[in-house]
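The block underneath contains the structure these notes are about, expressed in structure tokens.
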Amino acid sequence: MNVGIIVTSYWAYGELLIALQFAKRIKKFGYNPYFFIPPSHKNILQQENINYCVLIPNIGSINRILFQDYENRCHPEYVILSDFLNYNFCEKDYGLSVKDLEIFSGRIGTFDNFDWTIKLRKMDTYGFAASIASKVDINKYGFKLVPCPITNVNEQNEDDKFYYSLIDEYLEYDEEKKIKMREELNLPQKKPIILVTSATWQDTYKSYPQIIKCVEIFNNVYARLIDKMSEKVTIVHVGKNSSIKFKNENKNIIYLDNLSPKLFDKYCIACDVFLSRNITSTTLAKVACSGIPAMVLTNSLHIKNGVVLSSNSEITNEMKKELEKIDDLYPYRMFPVGWYSFLEPIHKNNPYFELVIEEEVFDFDKVLKSIDKMTNDAGYRAEIKEKAMQYRLTLENLKKPEEILSLLNNRD
């Protein structure tokens, strides 16, 4: 049974990785996935034993021929969009429209990573209220594949909406394995280790003057926090990011280039805490569900024209003095994009967020206290792992990707 997967977002790798993981899982059960991808993703697909073709930027006529050729040769039973929102606006990039999906005779579907059918939300992007969420109707893209996390595992399935576990393989993590992995990687044994990452896409924010200034503030505060943490712990920083400047003389920060997935997993097992600034991160989800203590730094502080509009942060006196000089600052749960309000409906009463420790980036004292507890309190670490095990039991009750496609096939 053939399954086509269309990827049009050339800068966001999260959607690609979610689709790729889904494809690898269904392939084990006799399905034949086939990807349409932007040129930027070619290197990733070359590493997988999955067929693909590259979409041609700005030449819709050729891309439609590629669609038609695949339809003629394979007659795919399913064609799934990795990102329906990006596809809805991809005509300027690839000359493709919603109408072009009519080329396919099979059932159309899409990944729904943020449970878009939940109402009463706005897309707050870089501090601006975007109207995109209200203009695009996900229901016209067929059935919906909803990965958990970050969506709420306790939500009920609708007729064409299927919740499934994002993660199929967990990292084996305990104190003994952590020590052995540190020996293998030649990492310090005596100090706690915090693993942090920098993603290229997080450094490609919109070039509005006020956005540049906000991101610079966020990055400076983040760098100061990392420097402060490194006084007591070892920081392993994976990935290059020119906009974050740590102290040059800091010898407790180990810098690594981008790692292969297998090697990166080893560093996850070797760490005491994984630290992220993106609550939607698939890496964060895998780490947290594996029982590794994980923290995400968010910001609820919203400043407009020097006036604080909202904040859940207990800001230290040191930071208050600095914030008095700031005219504008936007909240975020997904750095640097924002999405503080947009993600609120799936954040509320979601058991996943009992695993992930959330702290406000401007509340230095609370962040450092939480890090100290997560690295040194054995009982607390055991409690986090137990919550992860309970959450995994809930995920195991969801339908598997191959079961979802089989169920759809039986409905035809």
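State yes or no: is Asn63 outside the structural domain of Ala199 (by the TED database) and open to solvent by less than 40 Å² (accessible area, probe 1.4 Å)? Reasoning before the result, please.
Values: outside the structural domain of Ala199 (by the TED database): yes; open to solvent by less than 40 Å² (accessible area, probe 1.4 Å): yes.
Considered against the rule, which asks whether it is outside the structural domain of Ala199 (by the TED database) and open to solvent by less than 40 Å² (accessible area, probe 1.4 Å), Asn63 comes out as yes.
Tell me, which residue of the stretch 1-14 that is hydroxyl-bearing (Ser, Thr, Tyr) and open to solvent by 10 Å² or more (accessible area, probe 1.4 Å) is nearest to the chain's Cα centre (by Cα)? Can you show your working first?
Of the stretch 1-14, the ones hydroxyl-bearing (Ser, Thr, Tyr) are 8-10, 13.
After this cut, where a residue has to be open to solvent by 10 Å² or more (accessible area, probe 1.4 Å) as well, the list is 10, 13.
Numbers: Tyr10: 15, Tyr13: 9 Å.
Across the stretch 1-14, the extreme among qualifying residues is Tyr13.
For the stretch 35-59, name all the residues that are under 23 Å from the mean Cα position of the chain (by Cα) and among the aromatic types (Phe, Trp, Tyr). Show your work before the answer.
Filtering the stretch 35-59 down to residues under 23 Å from the mean Cα position of the chain (by Cα) leaves 35-48, 50.
Residues satisfying the conditions are Phe35, Phe36.
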Scanning for something open to solvent by 20 Å² or more (accessible area, probe 1.4 Å), over 28 Å from Lys213 (Cβ atoms), assigned to a helix (DSSP H, G or I) and in contact with a Ser or Thr (Cβ under 8 Å, 6 or more places away or on another chain), does the stretch 331-347 turn up at least one residue? no
Across the stretch 366-407, the tally of residues that are in contact with a Gly (Cβ under 8 Å, 6 or more places away or on another chain) and among the aliphatic types (A, V, I, L, M) stands at 3
Before we move on, is Leu195 over 21 Å from the mean Cα position of the chain (by Cα) and modelled with pLDDT of 95 or more?
no
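Look through Glu314, Glu322 and report the one residue that is farther than 16 Å from Ile357 by Cβ and open to solvent by 50 Å² or more (accessible area, probe 1.4 Å). Talk me through it step by step, then tell me what you get.
Working: Glu314 fails: farther than 16 Å from Ile357 by Cβ.
Every option except Glu322 fails the conditions.
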Over the stretch 253-280, the set of residues more than 24 Å from Ile167 (Cβ to Cβ) and open to solvent by less than 50 Å² (accessible area, probe 1.4 Å) is Ile253
Of Leu171, Leu185, the only residue that is in contact (Cβ under 8 Å) with a residue 12 or more places away in the chain, touching a Cys at 6+ places or on another chain (Cβ under 9 Å), under 21 Å from Pro261 (Cβ atoms) and open to solvent by 10 Å² or more (accessible area, probe 1.4 Å) is Leu171
Going through the stretch 15-53 in order, the residues found to be touching a residue at least 40 places away in the same chain (Cβ under 8 Å), in a helix (DSSP H, G or I) and open to solvent by 30 Å² or more (accessible area, probe 1.4 Å) are Glu15, Leu17, Gln21
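Output yes when any residue across the stretch 253-274 is assigned by the TED database to the domain that holds Pro345 and touching a Cys at 6+ places or on another chain (Cβ under 9 Å), and no when none is. Spell out the reasoning first.
Step one: filter the stretch 253-274 for residues assigned by the TED database to the domain that holds Pro345, giving 253-274.
Checking the rest, the ones that are also touching a Cys at 6+ places or on another chain (Cβ under 9 Å) come to 274.
Yes: one or more hits.
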Going through (1) touching a Phe, Trp or Tyr at 6+ places or on another chain (Cβ under 6 Å); (2) open to solvent by less than 70 Å² (accessible area, probe 1.4 Å); (3) not acidic (Asp, Glu) one by one, Lys373 fails only at (2)
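Taking the stretch 312-327 only, how many residues are closer than 20 Å to Arg224 by Cβ and either at pLDDT 75 or above or of a type in the set (Phe, Trp, Tyr) (or both)?
Step one: list which residues in the stretch 312-327 are closer than 20 Å to Arg224 by Cβ, which gives 313-326.
Filter again for either at pLDDT 75 or above or of a type in the set (Phe, Trp, Tyr) (or both), leaving 323-326.
Residues flagged as closer than 20 Å to Arg224 by Cβ and either at pLDDT 75 or above or of a type in the set (Phe, Trp, Tyr) (or both) within the stretch 312-327 amount to 4.
The values are calculated or read from the model by the stated rules, or taken from the named source; none is laboratory data. In this text the structure is predicted, and so the values were computed from the model without any measurement. Quick reminder, even Gly has a Cβ in these numbers, built from the backbone with ideal geometry, and neighbours come from all protein chains shown. Ligands, DNA and RNA are stripped out before the accessible areas are found, and what is left, the full protein with its side chains, is counted by its heavy atoms. Shrake-Rupley method; radii C 1.70, N 1.55, O 1.52, S 1.80 Å.
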